[in-house]
1. Just to check I understand the Karplus step: with θ = phi - 60° and J = 6.51 cos²θ - 1.76 cosθ + 1.60, what whole-Hz values come out for the range 102-108, glycine and proline as x?
2. At a 1.4 Å probe, what is the % contribution of carbon and sulfur to the accessible area of the chain?
3. Taking amide hydrogens as modeled 1.01 Å from N in the peptide plane, which residues meet the under 5 Å criterion relative to I69, leaving out close sequence neighbours?
4. Counting heavy atoms of the protein chains only and a 1.4 Å probe, report the per residue accessible area for the range 41-117 as a whole number of Å².
5. Within the range 215-285, report the GluC sites (Glu not before Pro) that DSSP leaves as loop and that have at most 12 other Cβ atoms within 10 Å.
6. Using the heavy atoms of the protein chains and a 1.4 angstrom probe, tell me the accessible area per residue for the range 185-266 in square angstrom.
7. Which distance in nm do the two modelled labels at T60 and S228 give, with both placed 7 Å along the Cα-to-Cβ direction?
8. Work through the residues other than A172 whose Cβ is under 15 Å from its Cβ and net out their charges, Lys, Arg +1 and Asp, Glu -1.
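The values are calculated or read from the model by the stated rules, or taken from the named source; none is laboratory data. Nothing here was measured: the structure is a model prediction, and the numbers come from that model. For neighbour counting, all protein chains shown are included, and Cβ atoms are generated from backbone atoms with ideal geometry for every residue, glycine included. Surface areas here come from the heavy atoms of the whole protein model, side chains and all, with no ligands, DNA or RNA. Shrake-Rupley method; radii C 1.70, N 1.55, O 1.52, S 1.80 Å.
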Amino acid sequence: MKKHIPIILIYMSLLFLWVGCTEKKIKLGKDINFDKEENIHYGKSAEQIMDLYIPQIKTTQEKNVFIMIHGGGWRSGNKSQLTFFTLSMMERFPNYIFVNMNYRLASASNFGLPNQTDDIKKVTELLKNKLGYNPNVILLGNSAGAHLSMLYAYKFDTDKKVKAVINIVGPADLSDPGFKNYQEYSFVEKRLVDPQIQKAGTSLIDFASPVKWIDENSAPTLSYYGNSDRVIPSSQEKILDSVLNKNHIFHESYSFNGGHLDWDQHPNDQFLIDKIETFLKKTDKK
């Protein structure tokens, strides 16, 4: 015989879920609390939304910002992929503001660039207006998001507010013969870059390659690559490190056991967070 659940219990359960989903604060520990705003629109496109987490710390000191940029081959993915890792980062860096952003995805009718780097710029502009100051930012991305993080920092950060780049399994040189085995490489050639922004003497592939824009003023970079990654070849890490060395840019590079998607699995995720913390302390001293 079926038991009937009282209507009042169903109502209370739904109310509890609604309140939980709309909660504007996050408590991560005894003294770690953030204010949360989800799905803030920073542009007219439905894809131009971001989540914002501001620590509940009373201080007059300007806070730095982590901007988290998801992967997905430039034409898929969502900020929700980085939500859990963002929360783990917030627990380790309770004095930082965090942004977890979506960006306009590439498609048969829309090029990835310059839309996607423009979206990073739009997020920094919204932060400047919302916070009342122009914060230093740390760009943290995985895969395509790491590529966009590097490309924005090395080429498009005109006001030099990118304090550091955390590159997780990101392609840095799209002309690398090893990367040309990427199964979606034809898309990279045809749909990643709008030909209208191509500069004379620069191929579309070179334009979209972060290593081509590194100079002596580029942002410090921490890289993290898998030792059995079948998407991003090990040559990418070597090329990036070589160019950063040549230009005397402070950088560190680490590898983890696993493939392209294993970077945020235990213990790889905690190892990365430990290295980020140490890396940022070193950049502060430079």
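1. Karplus-based 3J(HN,Hα) across the range 102-108 equals 8, 9, 5, 7, 6, 7, 5 Hz.
2. 52
3. The answer is L140, G141, N142.
4. 42
5. For GluC sites (Glu not before Pro) across the range 215-285 that sit outside H, G, I, E and B with at most 12 neighbouring Cβ atoms in 10 Å, the list reads E216.
6. For the range 185-266, the per-residue accessible area is 52 Å².
7. Roughly 5.5 nm, to one decimal.
8. Charge balance near A172 sits at -3.
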